[in-house]
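As structure tokens, the structure follows; a few thoughts come after it.
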Amino acid sequence: MEDFDIASAWESTEASGSPEAIREKSEKQKESYKKAQAQIQKAQKDEKKAKQDNNELFNILTRFIQNPYYEKLVPRLTELLTIALPSRPIIGMLALIYPDAAYHVLVSIGQWERIHTLKTLHRYDEPWDFQESTLHESIRQWMSIWIDAFDKYGITDNSSLIMQKRFFSMIENSESIILASITEFVWFFFTSRNIIISKSITESYARFILKNIRTTLQKSLNNHPDKDIIIEESTSDIELFGLK
């Protein structure tokens with residue numbers, strides 16, 4: 001019986017490899033487990049960031065759509081939600097013309113004090129034909145602040161990596177819708193200052209803005225320490241707002 005047991009054990013060892021090989025395999029499995037566990041933890045943190053952005057967008061939109069002053073922009077917002085654009089780009093667009101969104105974005109990038117510029121914007125008494133060279137300084141200043149803030153807001157440390165990836169992908173695949181949305185927000189901003197501006201000029205601004213954002217996103221994604229994490233999205237923005 002003892003000879004049989006020893007032979008069986010030896011055959012089992014032969015079948016599965018030497019003791020050294022077994023130990024090496026076990027160490028590799030432990031290392032793989034640790035890496036997988038770390039990836040899961042990173043993914044969970046990223047999902048929390050995305051949910052926080054969704055909640056912030058929901059709170060901002062709840063107030064925004066109740067203000068009749070912005071009624072013309074509601075169909076455009078609905079379209080952005082329908083294509084499931086991430087929350088941050090939508091908040092970033094709203095920041096141009098809506099103080100609540102602007103304050104949130106500026107706080108997120110550590111520049112909350114610059115909200116004063118939005119509060120003191122010049123408005124022409126009479127309809128004024130757009131001329132970039134003579135545009136009122138406060139309007140020029142706010143446009144610069146907003147473009148810079150919109151660009152930085154999408155890649156701050158508390159932003160979701162998977163949402164950055166989604167936004168970058170959507171710029172590639174749904175550029176026309178995103179470009180049209182930015183164009184409409186910029187056009188609304190200028191007309192709210194009693195400025196007469198063509199859609200073609202407004203679109204040229206929008207193209208410049210979107211190009212900057214795309215470049216910033218690509219650089220951020222290429223250099224992000226967690227760029228390889230993959231997250232299964234269980235809840236999208238479109239589901240959050242009851243549009244699906």
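The values are calculated or read from the model by the stated rules, or taken from the named source; none is laboratory data. What you see is a predicted model; the values in this text were computed from it and never measured. Ideal geometry is used to build each Cβ from the backbone, glycine not excepted, and the neighbour counts take in all protein chains shown.
Within region 52-67, take every residue that is surrounded by fewer than 14 Cβ atoms within 10 Å (Cβ to Cβ) and of a type outside the set (S, T, N, Q) and give me the one that is nearest to Leu96 (Cα to Cα).
Here the residue is Arg63.
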With respect to the numbered conditions (1) in a loop (DSSP other than H, G, I, E, B); (2) closer than 20 Å to Asn67 by Cβ, which one is the sole condition not fulfilled by Ala102? (1)
Step by step: first the residues of region 140-166, then only those that are in contact with a Gly (Cβ under 9 Å, 6 or more places away or on another chain) and more than 28 Å from Leu121 (Cβ to Cβ), then the one that is surrounded by the most Cβ atoms within 10 Å (Cβ to Cβ). Which residue is that? Met163
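Here's the yes/no breakdown for (1) over 16 Å from Ile155 (Cα atoms); (2) buried (at least 16 other Cβ atoms within 10 Å of the Cβ); (3) without any contact (Cβ under 8 Å) to a residue 24 or more places away in the chain; (4) hydrophobic (A, V, I, L, M, F, W, C):
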{"residue": "Tyr69", "(1), (2), (3), (4)": "yes, no, yes, no"}
{"residue": "Leu73", "(1), (2), (3), (4)": "yes, yes, no, yes"}
{"residue": "Leu77", "(1), (2), (3), (4)": "yes, yes, yes, yes"}
{"residue": "Leu85", "(1), (2), (3), (4)": "no, yes, no, yes"}
{"residue": "Pro89", "(1), (2), (3), (4)": "no, yes, no, no"}
{"residue": "Ser108", "(1), (2), (3), (4)": "no, yes, no, no"}
{"residue": "Glu113", "(1), (2), (3), (4)": "yes, no, yes, no"}
Going residue by residue through region 83-97, is there one that turns out to be among the hydroxyl-bearing types (Ser, Thr, Tyr) and out of contact with any Asp or Glu (no Cβ under 6 Å at 6 or more places or on another chain)? no
Can you tell me which residue within region 109-128, out of those that are farther than 25 Å from Arg207 by Cβ and assigned to a helix (DSSP H, G or I), is modelled with the lowest pLDDT? Lys119
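Hey, could you check region 20-47 for residues that are closer than 30 Å to Leu106 by Cα and loosely packed, with under 12 Cβ neighbours inside 10 Å and say which is modelled with the highest pLDDT? It would help to see each step written out before you state the result.
The initial filter retains those residues of region 20-47 that are closer than 30 Å to Leu106 by Cα, namely 41-47.
Then keep just the ones that are loosely packed, with under 12 Cβ neighbours inside 10 Å; that gives 41, 44.
Numbers: Gln41: 57, Gln44: 69.
Once the filter is applied, the top-ranked residue is Gln44.
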